[in-house]
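Accompanying notes for the structure given below.
The values are calculated or read from the model by the stated rules, or taken from the named source; none is laboratory data. Since the structure is predicted, the reported quantities are computational estimates derived from the model, not experimental observations. All Cβ positions, glycine included, derive from the backbone under ideal geometry; neighbour counts span all protein chains shown. Each accessible area value is taken on the protein alone, full model and side chains, heavy atoms only, with ligands, DNA and RNA left out. Shrake-Rupley method; radii C 1.70, N 1.55, O 1.52, S 1.80 Å.
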Amino acid sequence: TVESYKSELIYSPNDVFTIRGSAQRAVRAPSIFELFQPIVQSFPGIDEDPCSNDSDARAGANSASVESLCIAQGIPAAALPVYNYSNDQVAGGLQGGNPNLKEETADTMSFGVVFQSPFEGAFSNLQASIDFYSIEITDAIAVVDAATFVARCYDPVYNPSFSPDNVFCGFFTRDPSTSEIIDASELNENLASFETAGIDVQVDYAADVGPGSLGVSWIATHLTKWER
């Protein structure tokens, strides 16, 4: 069960200008494919295993924190100095649908002004409008690939406390016998958000030409914001 709504306001103080605005809650249910695509084993690619003894992460300024995180994930401290994973793929990856998905939600708002020509003659059929819009989508369905979540698990920008409970670290585990990455989960998740805003402009003109009529429209959009 989901809820959506829309409200609109249109106000015309005279025959020349019309003010309009709207606010809306919209939803998109996950598709059958997104929900129930069969989960299959995969071998996703990674740039490197940050716990490897020759990785960039263990050679950088945060090497001690990275090593502590590797140990917290199950790599024995005694094995860490010699642990090395040289493959650019990991075994035991999972790809497919997710029956636990919920709907995507969008909150949209728009506000604009319409101008209707008050002139006679050639410009009597001139109309113009300008509208500002803002759209925010939450719980968007997306997939984080293994190369991204493995790297970000050990990146201070995305895991500043180097916690094993970080969201990116939660996408995979390690084999207790080999310490290698397993269960790399590239499944559909409600994990993305989008914010966009902009200005739409439209000008319409029509005139009688000979035995018929000629209509011209000019439409433009200026994108002021796009964040994912």
Worksheet item: In segment 170-198, which residues are among the aliphatic types (A, V, I, L, M) and open to solvent by less than 60 Å² (accessible area, probe 1.4 Å)?
Response: I181, I182, A184, L187, A192, A197
Fill in: Residue selected from segment 1-18 under the condition modelled with pLDDT under 95 and β-branched (V, I, T), by the criterion nearest to F123 (Cα to Cα)
V2
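Report whether or not E136 is closer than 28 Å to A220 by Cβ, open to solvent by 70 Å² or more (accessible area, probe 1.4 Å), within 19 Å of the chain's Cα centre (by Cα) and not small (G, A, S).
Details: closer than 28 Å to A220 by Cβ: yes; open to solvent by 70 Å² or more (accessible area, probe 1.4 Å): yes; within 19 Å of the chain's Cα centre (by Cα): yes; not small (G, A, S): yes.
It is true that E136 is closer than 28 Å to A220 by Cβ, open to solvent by 70 Å² or more (accessible area, probe 1.4 Å), within 19 Å of the chain's Cα centre (by Cα) and not small (G, A, S).
Of all residues in segment 99-131, count the ones that are farther than 15 Å from L191 by Cα and either open to solvent by 80 Å² or more (accessible area, probe 1.4 Å) or more than 25 Å from the chain's Cα centre (by Cα) (or both).
First pass over segment 99-131, keeping only residues farther than 15 Å from L191 by Cα: 107-131.
In the following step, the residues that additionally are either open to solvent by 80 Å² or more (accessible area, probe 1.4 Å) or more than 25 Å from the chain's Cα centre (by Cα) (or both) were identified as 109, 111-130.
Going through segment 99-131 one residue at a time, the tally reaches 21.
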Worksheet item: more than 18 Å from Y133 (Cα to Cα) and either out of contact with any Pro (no Cβ under 6 Å at 6 or more places or on another chain) or surrounded by 15 or more Cβ atoms within 10 Å (Cβ to Cβ) (or both), is that true of T18?
Response: no
Discussion item. For L214, only one of the following conditions fails: (1) assigned to a strand (DSSP E or B); (2) touching a Phe, Trp or Tyr at 6+ places or on another chain (Cβ under 6 Å); (3) more than 24 Å from M109 (Cβ to Cβ). What is its number?
Written reply: (2)
Item to complete: Answer with yes or no whether S124 is of a type in the set (S, T, N, Q), touching a Phe, Trp or Tyr at 6+ places or on another chain (Cβ under 6 Å) and on the phi < 0 side of the Ramachandran plot.
Response: no
Worksheet item: Can you tell me which residues in segment 131-154 are part of a loop (DSSP other than H, G, I, E, B), touching a residue at least 60 places away in the same chain (Cβ under 8 Å) and closer than 19 Å to Q73 by Cβ?
Response: Y154
Worksheet entry | Residues that are in a loop (DSSP other than H, G, I, E, B) and more than 30 Å from T108 (Cβ to Cβ), drawn from segment 169-196 | F172, D175, P176, S177, T178, S179, E180, D183, A184
Response to the item:
Of F33, F43, the only residue that is open to solvent by 60 Å² or more (accessible area, probe 1.4 Å), hydrophobic (A, V, I, L, M, F, W, C), more than 30 Å from Q127 (Cα to Cα) and in contact with a strand residue (DSSP E or B) (Cβ under 7 Å, 6 or more places away or on another chain) is F43
